[in-house]
1. Just for segment B:143-163: of the residues that are charged (D, E, K, R) and either surrounded by 20 or more Cβ atoms within 10 Å (Cβ to Cβ) or in contact with a helix residue (DSSP H, G or I) (Cβ under 7 Å, 6 or more places away or on another chain) (or both), which one is modelled with the lowest pLDDT?
2. Within segment B:74-88, is there a residue that is among the hydroxyl-bearing types (S, T, Y) and assigned to a helix (DSSP H, G or I)?
3. Can you name every residue in segment B:253-290 that is charged (D, E, K, R) and facing another protein chain (nearest Cβ under 7 Å)?
4. Restricting the search to segment B:228-268, which residues are hydroxyl-bearing (S, T, Y) and within 14 Å of B:Y311 (Cα to Cα)?
5. Tell me the strands (runs of 3 or more DSSP E) entirely within segment A:1-87 that contain at least 2 residues that are acidic (D, E) and surrounded by fewer than 16 Cβ atoms within 10 Å (Cβ to Cβ).
6. Could you tell me whether any residue of segment B:189-204 is on the phi > 0 side of the Ramachandran plot and away from chain A (no Cβ under 14 Å)?
7. Looking at segment A:136-153, is at least one residue free of Cβ contacts under 8 Å to residues at least 12 places away in the same chain, polar (S, T, N, Q) and not assigned by the TED database to the domain that holds A:N201?
Amino acid sequence: MDNTNVLEIKDLAISFKTFEGKVQAVRGVNFELKKGETLAIVGESGSGKSVSTKAVNRLLPKKNSIIESGQILFEGKDLLTISDKEMQEIRGNDIAMIFQDPMTSLNPTMQVGRQIAEPMIKHQHLSSEKARNKAIELMRLVGIKNPEQTHKHYPHQFSGGMRQRVMIAISLACEPKILIADEPTTALDVTIQAQILSLMNNLKKELDTSIIFITHDLGVVAQMADRVAVMYAGQIVEIGTADEIFYNPMHPYTWGLLASMPTLDVNQTDLYNIPGSPPNLLHPPVGDAFASRNEFALAIDFEQEPEMFKVTDTHYAKTWLLHNEAPDVTPPAEVVRRKAKYQRLFAEKKINNQVGGEVVGSRG
Amino acid sequence: MVAEVKEKQSIVEISGYKQYFNEGKRNEVRAVNDVSFNIYKGETFGLVGESGSGKSTTGRALIKLGDITGGQILYKGQDITKIKGRRNLLDFRKSMQMIFQDPYASLNPRITVKDIIGGALKVHGLYKNSSERNERVYELLEQVGLSKEFANRYPKEFSGGQCQRVGIARALAVEPDFIIADEAISALDVSIQAQVVNLLKELKKENNLTYLFIAHDLSMVKYISDRIGVMNSGRILEIAEADELYQAPLHPYTESLLSAIPTPDPESERNRIRTEYDPKYHQYEDLTKVGLHEIAPEHYIYCHQDEVEVYRKKREKLLREGQKYA
């Protein structure tokens with residue numbers, strides 16, 4: 001992994017027109033994607049994670065979506081301003097996407113081999129025969145057995161896991177620079193999920209593709225991500241390397257997410273949960289959007305929105321708790337345990353932290 | 001957790017249950033093939049397996065949605081295939097309710113929450129006048145953690161977690177003894193799953209309920225179940241008390257399920273070794289002496305008589321070594 005950015009998103013804000021008014025789905029999102037890395041975006045439904053990444057491929061409905069502000073920079077071009085024709089050259093070619101539900105995103109009336117070959121014919125101008133041979137190769141690469149025969153099958157003849165492999169083969173057909181995977185394994189069984197994830201990890205290493213991985217499952221994130229962005233109510237509230245987010249989280253929302261994950265530990269019988277539900281983005285709350293569900297909320301959280309505080313060069317969090325006048329708080333027990341593990345891993349030099357900074361800002 | 005059910009009175013007894021679809025035809029599917037287990041009064045029985053394992057089919061058979069191909073299902077000692085007639089069916093379903101997987105699809109989008117919950121009350125004639133009905137609806141909403149202002153809203157106005165709470169309130173409305181939760185939390189976000197699991201646990205305590213909790217992975221099931229059955233291709237391969245199952249998963253399929261769950265911990269994920277399972281493992285040629293054998297008290301494995309000793313040794317070894325999947 002080197003440090004060049006393949007994608008930069010700057011101050012992106014998107015809203016949707018609805019009967020009731022304007023829903024501010026994405027409210028000022030900034031992040032960059034480095035070459036060869038996997039960036040996971042986590043958050044609850046409605047947090048804006050899918051909307052932000054759909055904007056990258058310009059897949060939002062023109063009818064009711066409004067890009068309020070921002071830039072999406074890919075190879076020096078702002079994807080929000082280029083023409084539809086230029087976008088077609090990029091979509092599926094340089095930036096490919098894998099969707100959640102493989103049944104509804106494949107064409108049921110088309111042989112899967114042809115669906116995999118299509119982007120190669122369109123973008124790389126391969127002859128249909130060459131494209132078919134390459135499609136068969138790709139099917140073998142993603143672990144579909146007997147592709148010489150099965151490339152003539154239709155989606156309904158495949159199981160859910162196999163369909164998702166077809167989706168991955170389609171997205172890899174043009175060897176994209178960026179792969180956006182929107183909850184690619186949520187609809188699958190855990191054992192199939194494990195296979196698909198290890199497949200994606202291997203392909204990433206082989207092809208040096210950058211991946212944006214969208215999910216609400218932190219277990220999947222731990223397995224896949226180099227860096228993690230946590231989204232809440234249309235904003236990134238914390239971003240850092242996977243180790244920083246899992247072992248040294250700073251934002252109370254990240255604390256809540258981590259503490260409410262089930263573990264297989266036999267002795268744990270009670271499950272922590274974040275009370276309430278996310279705010280209505282028709283009228284985003286004043287101050288910190290998470291304040292009303294946050295047991296650690298300070299008075300200022302209800303008045304003024306916190307800025308992104310820097311923890312390390314790679315780790316930022318949007319919470320007033322990091323302000324130097326904020327009181328010390330003790331996070332949930334699970335998070336305290338994780339922070340202890342961070343110290344231990346750090347001492348044992350097992351932390352995958354390219355910056356390798358000391359543990360800073362670990363108050364509480 | 002298990003202490004309360006010491007006397008162990010069975011509320012559900014399933015023996016030799018079979019469910020074949022398209023029976024006798026070329027495309028016959030043996031969805032469930034000889035499944036037997038009991039559910040004790042007051043416990044939560046978790047039924048876990050991948051899609052196609054027959055877990056939902058079992059749940060549907062239990063609440064009498066469709067006829068069974070073979071075997072016997074007793075509910076409170078009564079053979080459910082013998083329940084006939086509207087009156088008797090109503091009584092049966094008043095006592096047993098179901099919570100479904102998809103919170104949106106299982107609520108009628110055209111009627112208000114008050115009518116959704118009130119509908120269950122109406123069918124069973126559980127109120128005298130509308131003010132009594134409303135009181136009861138408000139009470140139920142409060143029980144599942146929703147405020148009573150929600151009563152006049154439509155399902156589309158709720159989030160997934162809130163819809164699932166409405167589904168739970170509807171199931172509770174008729175004061176059942178037994179609830180089947182078929183993947184009731186699978187469609188929800190992880191943080192909301194925790195809320196619903198905690199709610200179900202509370203309600204169980206308050207209302208003396210018994211649950212059959214059907215799920216496709218083993219991570220959440222642990223928090224709610226007393227005993228767990230693991231299903232694969234129409235058979236139960238392992239039944240054990242929840243703690244025992246996580247401490248000493250004996251059947252290779254259970255091990256593969258546990259090893260597939262990603263844990264929110266990058267360091268352990270980096271060093272993770274996953275095991276894969278081949279269903280051929282439990283397809284025996286000669287079925288005599290093959291069945292659920294007791295390895296330890298309340299811990300059963302589907303295996304051949306000769307394998308019992310091997311599994312006993314494996315169990316002792318696992319318990320000695322401590323937890324593997326923490």
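1. Across segment B:143-163, the extreme among qualifying residues is B:K148.
2. yes
3. Within segment B:253-290, B:D265, B:E267, B:E269, B:R274 qualify.
4. B:Y253, B:T254
5. In segment A:1-87, the matching strands (runs of 3 or more DSSP E) lie at A:5-18.
6. No, because not a single residue in segment B:189-204 is on the phi > 0 side of the Ramachandran plot and away from chain A (no Cβ under 14 Å).
7. Yes, the conditions are met somewhere in segment A:136-153.
Results for (1) at pLDDT 90 or above; (2) within 14 Å of chain A (Cβ to nearest Cβ), shown as yes or no for each residue.
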{"position": "B:Y17", "(1), (2)": "yes, no"}
{"position": "B:G24", "(1), (2)": "no, no"}
{"position": "B:T44", "(1), (2)": "yes, yes"}
{"position": "B:A61", "(1), (2)": "yes, no"}
{"position": "B:I68", "(1), (2)": "yes, no"}
{"position": "B:I73", "(1), (2)": "yes, no"}
{"position": "B:G77", "(1), (2)": "yes, no"}
{"position": "B:R87", "(1), (2)": "yes, no"}
{"position": "B:Q97", "(1), (2)": "yes, no"}
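The values are calculated or read from the model by the stated rules, or taken from the named source; none is laboratory data. Bear in mind the structure is a predicted one, so any value in this text is a computation, not a measurement. Neighbour counts are summed over all protein chains in view; Cβ atoms, including those assigned to glycine, are modelled from backbone coordinates with ideal geometry.
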